[in-house]
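Report on the following structure.
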Amino acid sequence: MKSSFSWCFIAVSLLSSTVQAADENVFSSSFFSDSHAEISLKNIWKYLKEDSANPKRVHNAWGQGLALSYQSGYLADTLGVNLDYYSAVKLGASDYFNSRGVLYNNGPGNDKSNATGFSKIGQRYVKLKGEVGGAALNAQWGWQTLHDYGVLTNSTHLSPTAYLGWSGGITGAGLSLRGAYVERSMERNSPDSLRLQTNDRRFINHLATGELGYKNDLFNGQLIYGESQNYLRRQILLLTIKPAKKLSLSSQIYATQALDDYKVMALDRRNFDRTANHYAFDVKWKEPRWNLKLGASYTRAAKGEGELGFFPRQLTRNSRGSYTSMSHVGEDYLRDGETMLAVLAEYHITPEFSAGITGNYGQFNYQGTMVHTGEVNAFGSWAPSHPALKNLKIFSRIGPGWSYKNVNKTPVISEGRYFRSHSLAAEFIAEYRFKLF
């Protein structure tokens, strides 16, 4: 609470000084006249039945969320604030509910009796903007969401992941340069302010990232760098070209290196030994009523002999790593030596309703045994155009998957064979938004 009061005091002081400097009536300024407020109601149900590590487990969580978002205009065309409040109510849960990221786990373990709702001010930040030589400047300080911002991203269920720190950048003539520095986070299903941590739960002081990009009608590229202090370092190269209006080709390269605090961890806490790289490519064709996307990837993340390595999407515990490869689905295809193929096809049956199918297949060699994994999902979405329902969106998906029996994510091998596991995943999301002003 002390940090929240400090933040509010700083914000009010900045606003007051700006108003005095501008010599204008704050209540008639663009700070209020250009402000916006919105309410969102979201219902989410997520379900997974699997038997990969133990006898069959059911992971089930169902909740109702409310979000109230306020975005101010700018005083003197320079200074503003954003405030977002989130509330969630538990509607249902099973044991292992916490893996679904919907409800707050208010207790030790993962028993369904721990499942509760939550409320929080998830975003509260001061924002600045300006212009220099035709280039636009922006900066934010406070609790904020960062979606595909350098090596960081957020994830949203009943509320988004948020980070405490600063971010900002400059854009002009197709070029962009931006960066962020964060010290704490709030998960999508929790009101708790958390410090960044290593896999063995030692604290990390900060995570810093920067990004250089260029974009025009035919090309989009980003060169990204990020580092969690003395723990992990990552470089990302993202490229997209559009040789034709309907066709886009994209590639992604993710390279991660271990730093000193990572190297000293016990082997069973490390995802890989020294380096972990992921290479991906996809092609997308888009027609007015349908689109098709195909992808392929390969991962290299060597670990100690007899151990299966993984590429970690996150650079710390309690943060989320930006990641656009098609290998990121229900079952991440990021194991050492794994090749992945993916397809996504969607068809707009009507302007309001679309349906489609996704499929992923992966294979890797472990101790001389070829292990196969995969999943298939059918999905549908409805966005009605009727004036009374135009802000409603409904999405659902369901599908089976297959993987391998494991101990601590390592395949169980017997006489040159692995034991197959099966899963069934489903989700339903209904969201309705409307503006207050």
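The values are calculated or read from the model by the stated rules, or taken from the named source; none is laboratory data. In this text, all values refer to a predicted model and were calculated from it rather than measured experimentally. Glycine also receives a Cβ, built like all others from the backbone with ideal geometry; neighbour counts cover every protein chain displayed. Each accessible area value is taken on the protein alone, full model and side chains, heavy atoms only, with ligands, DNA and RNA left out. Shrake-Rupley method; radii C 1.70, N 1.55, O 1.52, S 1.80 Å.
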task: Among residues belonging to the stretch 265-290 that are assigned to a helix (DSSP H, G or I) and over 19 Å from Ser228 (Cα atoms), point out the one that is most open to solvent (accessible area, probe 1.4 Å).
output: Asp268
- prompt: Given the residues Ser28, Ser94, which is the only one that is surrounded by 17 or more Cβ atoms within 10 Å (Cβ to Cβ) and either polar (S, T, N, Q) or in contact with a Pro (Cβ under 9 Å, 6 or more places away or on another chain) (or both)?
  reply: Ser94
statement: Over the stretch 291-303, the set of residues small (Gly, Ala, Ser), more than 30 Å from Tyr347 (Cβ to Cβ) and open to solvent by 20 Å² or more (accessible area, probe 1.4 Å) is Ala302
- prompt: Which of (1) under 30 Å from Ala162 (Cα atoms); (2) touching a residue at least 12 places away in the same chain (Cβ under 8 Å); (3) of a type outside the set (Val, Ile, Thr); (4) touching a strand residue (DSSP E or B) at 6+ places or on another chain (Cβ under 6 Å) is the odd one out, the single condition Gln314 does not satisfy?
  reply: (2)
task: Of the conditions (1) surrounded by fewer than 19 Cβ atoms within 10 Å (Cβ to Cβ); (2) in contact with a Lys or Arg (Cβ under 9 Å, 6 or more places away or on another chain); (3) farther than 23 Å from Ile413 by Cα; (4) not aromatic (Phe, Trp, Tyr), Leu344 clears all except one; give me its number.
output: (1)
statement: Subset of the stretch 304-339, residues of a type in the set (Lys, Arg) and open to solvent by less than 20 Å² (accessible area, probe 1.4 Å), comes to Arg335
task: Could you look through the stretch 80-108, keep only residues that are assigned to a strand (DSSP E or B) and hydrophobic (A, V, I, L, M, F, W, C), and pick out the one that is nearest to Ser35 (Cα to Cα)?
output: Val81
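For every residue, the table says whether it meets (1) among the aromatic types (Phe, Trp, Tyr); (2) modelled with pLDDT of 75 or more.
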{"position": "Ile10", "(1), (2)": "no, no"}
{"position": "Asn25", "(1), (2)": "no, no"}
{"position": "Phe32", "(1), (2)": "yes, yes"}
{"position": "Lys46", "(1), (2)": "no, yes"}
{"position": "Asp51", "(1), (2)": "no, yes"}
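Condition check ((1) more than 27 Å from the chain's Cα centre (by Cα); (2) of a type in the set (A, V, I, L, M); (3) within 12 Å of Ser52 (Cα to Cα)) across all residues:
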site	(1), (2), (3)
Glu375	no, no, no
Phe379	no, no, no
Ala388	yes, yes, no
Arg397	no, no, no
Trp402	no, no, yes
Lys405	yes, no, yes
Val412	yes, yes, yes
Glu415	yes, no, no
Tyr418	yes, no, yes
message: Pairs needed: first member in the stretch 162-175, on the phi > 0 side of the Ramachandran plot; second member anywhere, β-branched (Val, Ile, Thr) and buried (at least 21 other Cβ atoms within 10 Å of the Cβ); C-beta distance under 9 Å; at least 6 residues apart or different chains.
response: Gly165/Val182
So Tyr74, is it more than 17 Å from Trp166 (Cα to Cα), touching a helix residue (DSSP H, G or I) at 6+ places or on another chain (Cβ under 9 Å) and crowded, with 22+ Cβ neighbours inside 10 Å: no
- line: Within the stretch 377-395, the count of residues that are assigned to a strand (DSSP E or B) and open to solvent by less than 40 Å² (accessible area, probe 1.4 Å) comes to 5
query: What's the number of the condition Ser421 fails, among (1) hydroxyl-bearing (Ser, Thr, Tyr); (2) part of a loop (DSSP other than H, G, I, E, B); (3) in contact with a Ser or Thr (Cβ under 7 Å, 6 or more places away or on another chain)?
result: (2)
field: Residue list for the stretch 216-228, restricted to those being surrounded by 15 or more Cβ atoms within 10 Å (Cβ to Cβ), of a type outside the set (Asp, Glu), over 26 Å from His157 (Cα atoms) and touching a residue at least 24 places away in the same chain (Cβ under 8 Å)
entry: Ile224, Tyr225
message: Of everything in the stretch 94-114, what is under 23 Å from the mean Cα position of the chain (by Cα) and under 19 Å from Lys49 (Cα atoms)? Give them in sequence order.
response: Tyr96, Phe97, Asn98, Ser99, Arg100, Gly101, Val102, Leu103, Asn110
task: Kindly establish whether Thr369 is buried (at least 19 other Cβ atoms within 10 Å of the Cβ) and of a type in the set (Val, Ile, Thr).
output: no
